[in-house]
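Reviewing the structure listed below.
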C-alpha cells in the first residue's frame, strides 16, 4: 500500500512540474514578444561620441541627478550633493551636451554607484571646495571622539560625513556604523 502511494505521489509531482514549466514558456498574447523595448513606439537610437577628458575628479556641490543614460529624461540612479565623483569617461550626445560617466562612493547600496551626469552640474575639485566634500578618509591610528569608541583605527577607512557639530563630524561607514571624530583628524581625497 505504501509503495502505491509513493508511486502515485511521484506521478502527481512529475505531472505538476511538467505542466507548470510548459505553461511558463507560452506567451500571454499572440503579439507579445517579451521585448518591452522593441514594443515602444517612440524609441530612437542614442548616439554618444566619446571624448578624452583630462580630469579624474569632479565635485558636485548642488543637488544633481545621476542618470542611467546620457539623456535628461532617463531614469535616475540617485541625487548627489557635496560629493566627489570619479570620471570614468566622457562623451557628448547629438545635442552637444558634454556628459560624464562617473562612479561615486556608496555606503548603503554599493550596487548603484555609477551613472551619467551633465558636466555643467559639476565643478573642478579645488582647495576652495575640498572642505565641502562629504566623502572622507579616517586615517589608520585615528581615535573616535566618543568615549565608547576609544580604540584606534586599524586601517584607513572611507566614510561619509552625516553631520558637523562643535568641531566634530559624524561619519557613516559601510554597513551603517556611525562614529564621531574630531574634524581635525579627518582627511579629504587627494588631488590628482
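The values are calculated or read from the model by the stated rules, or taken from the named source; none is laboratory data. As the structure is a computational prediction, the values presented were derived from the model and not from experiment. So basically every Cβ, Gly included, is an ideal-geometry build from the backbone, and we count neighbours across all protein chains shown.
Only residues that are surrounded by fewer than 18 Cβ atoms within 10 Å (Cβ to Cβ) and in contact with a helix residue (DSSP H, G or I) (Cβ under 8 Å, 6 or more places away or on another chain): list them for the stretch 133-142, please.
139, the sole residue that qualifies.
Please go through the stretch 88-108 and pick out each residue that is touching a helix residue (DSSP H, G or I) at 6+ places or on another chain (Cβ under 9 Å) and closer than 15 Å to residue 124 by Cβ.
The answer is 90, 98, 100.
What is the number of the single condition among (1) free of Cβ contacts under 8 Å to residues at least 24 places away in the same chain; (2) in contact with a strand residue (DSSP E or B) (Cβ under 9 Å, 6 or more places away or on another chain); (3) part of a loop (DSSP other than H, G, I, E, B) that residue 112 does not meet?
(1)
Here's the yes/no breakdown for (1) touching a residue at least 40 places away in the same chain (Cβ under 8 Å); (2) outside the structural domain of residue 108 (by TED's automatic domain parsing); (3) surrounded by 10 or more Cβ atoms within 10 Å (Cβ to Cβ):
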site	(1), (2), (3)
153	no, yes, yes
158	yes, yes, yes
161	no, yes, yes
166	no, yes, no
170	no, yes, yes
173	yes, yes, yes
176	yes, yes, no
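Residue 121 is checked against (1) more than 30 Å from residue 45 (Cα to Cα); (2) touching a strand residue (DSSP E or B) at 6+ places or on another chain (Cβ under 9 Å); (3) touching a residue at least 40 places away in the same chain (Cβ under 8 Å) and fails just one. What number does that condition carry?
Residue 121 satisfies all of (1) more than 30 Å from residue 45 (Cα to Cα); (2) touching a strand residue (DSSP E or B) at 6+ places or on another chain (Cβ under 9 Å); (3) touching a residue at least 40 places away in the same chain (Cβ under 8 Å) except (1).
Are any residues in the stretch 180-192 free of Cβ contacts under 8 Å to residues at least 40 places away in the same chain, assigned to a strand (DSSP E or B) and either closer than 22 Å to residue 81 by Cβ or touching a helix residue (DSSP H, G or I) at 6+ places or on another chain (Cβ under 8 Å) (or both), and if so, which ones?
180
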